[in-house]
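Report on the following structure.
Since every read-out is calculated from the coordinates, none of them should be taken as a lab result. Remember, it's a predicted structure, so these values are computed and weren't measured experimentally. Heads up, the Cβs are rebuilt from the backbone with ideal geometry, glycines too, and the neighbour counts pull from every protein chain shown.
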Amino acid sequence: MKVLVCPLNGARPVSEFAYGGEVRPMPDPDTCSDVEWSNYVFNRSGSPGAKYEWWCHIASGFWFVALRDTARDEVLATYPAEAVRRGLPGAA
Amino acid sequence: MFTRHDSLKAGYDVVIIGAGGHGLAAAYYLARDHGIRNVAVLEKGYIGGGNTGRNTTIIRSNYLTPEGVKFYDESVRLWQDLATDFDLNLFYSTRGHYTLAHTDAAMRTMRWRAEVNKHYGVHSEAVDAAFVKRGIPAIDMSCGGHAPILGALFHAPGAIARHDAVAWGYGRGADRRGVEIHQQTEVTGIRLQAGRVIGVDTTRGYIATSKVLCAVAGFTPRILDMVDLHTPIYVHPLQAMVSEPVKPWLDPIIVSGSLHVYVSQTARGELVMGASLDPYELHATRPTLDFVEGLASHMLDMFPFLSEVKVNRQWAGLADMTPDFAPIMGLTPVEGFFLDAGWGTWGFKATPVCGKTMSHTVATGRNHPLIEGFTFDRFAHYRLTGEKGAASVGH
């Protein structure tokens with residue numbers, strides 16, 4: 001991946017972007033157990049695969065979501081951040 | 001150098017996944033110190049072909065936490081007579097190690113590390129700019145004018161060694177004591193019964209065993225999926241490069257956290273250089289031009305006269321990172337499944353002590369006292385080890 005297609009700015013070199021980690025649902029901190037919370041805070045899905053990730057176009061400060069295959073470094077699709085609230089296709 | 005085995009046996013007392021330095025060291029000490037010789041080391045590629053052959057070979061113990069300092073110091077001690085143990089030249093070369101400070105904040109961290117180190121008997125001291133200039137006459141103390149060197153943490157025992165030879169030495173020593181090393185043998189599954197290990201499926205057939213040690217660096221999450229364990233490990237590539245050979249001019253090992261550079265000169269005259277982690281998760285080892293450009297420009301800040309020197313090779317390894325920059329070692333919730341992982345960017349120097357402590361843990365079923373700060377369950381209890389200030393230059 002040398003070019004990332006930003007939903008706002010179009011195709012830009014990857015050096016203009018910052019990686020924000022996988023999109024993960026947060027458990028309710030008021031009701032979840034200590035184990036559930038530590039699992040959310042620390043544990044990650046470390047194996048390769050197609051994952052939804054947060055990315056930020058630094059120059060414009062625009063956050064969005066990319067579906068990226070972390071084995072091959074290939075971006076399969078990008079979505080504006082609102083897509084997370086509406087529900088990403090196939091995401092838990 | 002190694003015995004070739006035509007087939008796997010039906011079962012072994014211990015199966016070690018990964019024939020890198022860590023896995024082979026554990027096999028060596030299991031056979032030598034614990035008399036456990038019915039051991040198979042399974043390797044999907046070739047001996048030492050992973051991060052053992054991809055690191056920048058720096059050995060040091062000037063860490064930040066008491067757990068880290070004690071652990072790595074034991075490793076440095078073990079390194080000293082390893083070549084004699086193996087009857088193999090490891091090109092172990094004590095050079096002295098400078099961690100440069102370009103800011104007041106960095107100088108404070110250097111003093112902190114020096115005091116922790118001294119408390120545990122490790123030779124480290126915070127030194128001023130004049131000391132740095134005497135030790136590294138070729139350096140531009142202003143670093144191009146934008147990152148002047150204020151001082152450093154100087155660690156006299158800092159050393160480099162030939163990394164391939166470490167894997168070969170441990171492998172040959174284990175092989176001669178009856179351990180079987182099976183290359184081109186990939187683990188495809190781990191069988192459990194009532195929460196304990198009963199066997200391992202491989203591309204060359206099934207093996208019965210009650211003990212599995214996983215020492216696979218960047219492939220750890222994939223093995224953990226087989227036993228349904230969850231860890232904070234995330235994988236980013238770490239790149240490195242070497243220059244063409246030049247006359248010897250750089251004796252010590254130089255690290256600059258601010259400039260994201262570490263560099264040493266090998267016995268062949270090549271400059272071995274590394275920088276920080278790649279910025280996002282990736283499970284592939286293709287290196288990038290961005291990396292060479294960035295690292296070369298920072299090298300020139302320190303050593304402008306290298307501008308005509310060519311880069312010969314670059315490569316990448318898969319670093320299994322943890323949030324506290326300390327490893328994850330020892331027993332796991334799965335009985336009979338032992339982990340030696342989370343070695344991110346700092347695993348090579350720990351090869352001997354990992355072999356020692358993991359062989360003890362596998363043989364006795366109890367975590368070795370030196371790895372108690374690195375346990376699997378520390379995250380669930382919010383008891384992180386906090387090695388981040390010293391483990392790499394990538395932050």
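Using only the alpha-carbon atoms of chain B as identical scatterers, what base-10 log of I(q)/I(0) does the Debye formula give at q = 0.10, 0.13 Å⁻¹? Log-scaled intensity ratios, in q order: -0.63, -1.05. Its residue count N sets the reference 2.2 N^0.38 Å, and the alpha-carbon radius of gyration of the stretch B:309-395 equals 1.24 times that reference. FRET efficiency for the pair A:Met26 and A:Ala59, taken as 1/(1 + (r/R0)^6) with r the Cβ-Cβ distance and R0 = 35 Å, rounds to 0.80. Each of A:Thr78, B:Thr285 was scored by other Cβ atoms within 10 Å of its Cβ. Arranged with the fewest first, they read B:Thr285, A:Thr78. Remark: A:Arg85, B:Arg113, A:Arg24 ranked as A:Arg85, A:Arg24, B:Arg113, counting other beta-carbon atoms within 10 Å and listing the fewest first. When B:Arg268, B:Arg162 are arranged by Cβ crowding within 10 Å, least crowded first, meaning fewest neighbours, the order is B:Arg268, B:Arg162.
Across every direction, the projection of the convex hull enclosing the Cα atoms of the stretch A:3-86 has a mean area of 6.4 nm².
Principal-axis analysis of the Cα atoms of chain B puts helix B:163-176 at an angle of about 20° to the longest axis. Extension gain, B:Ile198-B:Ala130: 0.36 nm per intervening residue step, less the Cα-Cα distance, totals 18.4 nm. Cut-off 13 Å, label point 7 angstrom out along Cα-to-Cβ of A:Ser33: give me the residues of the stretch B:173-195 whose amide nitrogen falls inside. Those under the cut-off are none; the list is empty. Think of chain B as a dipole: +1 on every Lys or Arg Cβ, -1 on every Asp or Glu Cβ, centred on the Cα centre; then among B:Met107, B:Ser297, B:Val246, B:Val246 lies furthest on the positive end.
Figure legend: label point modelled 7 angstrom from the Cα of B:Val311 along Cα→Cβ; no residues of the stretch B:123-145 have amide N under 17 Å from it.
Scalar couplings 3J(HN,Hα) for the stretch B:288-303, obtained by applying the Karplus form with A = 6.51, B = -1.76, C = 1.60 to θ = phi - 60°, are 10, 6, 3, 5, 4, 4, x, 5, 4, 5, 6, 4, 5, 4, 7, 10 Hz; x denotes Gly and Pro.
Counting, for every residue in A:49-55, the Cβ atoms of other protein chains within 10 Å of its Cβ and taking the mean gives 1.
Between the helical axis of B:21-34 and the longest alpha-carbon principal axis of chain B there is an angle of about 60 degrees. Using just its DSSP H runs of length 4 or more, each adding -39500 (n - 2.57), chain B gives a mean residue ellipticity at 222 nm of -8500 deg cm²/dmol after division by all residues. Two decimals, Cα atoms only, Kirkwood Rh: what is Rg/Rh over the protein assembly as shown? Here the Rg-to-Rh quotient is 0.97. 3J(HN,Hα) along the stretch B:244-252, derived from phi through the Karplus expression 6.51 cos²θ - 1.76 cosθ + 1.60 where θ = phi - 60°, amounts to 5, x, 10, 4, x, 9, 10, 7, x Hz, with x in place of Gly and Pro. Among the residues of B:275-283, the average count of other protein chain beta-carbon atoms within 10 Å of the residue beta-carbon is 5. Under Stokes-Einstein, with the Kirkwood radius over Cα pairs as Rh, the value for the stretch B:42-195 at 10 °C and 1.306 mPa s is 87 µm²/s. Candidates A:Thr78, A:Val23, A:Val41 compared by Cα position along the dipole of the stretch A:3-86: farthest toward the positive end lies A:Thr78, with charges placed on Cβ.
Modelled this way, with points 7 Å down the Cα-to-C-beta line, the labels at B:Asp104 and B:Thr84 are 4.9 nm from one another.
Taking Cα centre as origin and charging only the Cβ of basic (Lys, Arg, +1) and acidic (Asp, Glu, -1) residues, the dipole magnitude of chain A rounds to 360 debye. Of the chymotrypsin sites (Phe, Trp or Tyr not before Pro) found in the stretch B:302-395, those in coil by DSSP whose Cβ has at most 16 other Cβ atoms within 10 Å are B:Tyr382. Distance between the modelled labels on A:Ala11 and B:Ser142, one decimal in nanometres: 4.4 nm (7 Å Cα→Cβ projection).
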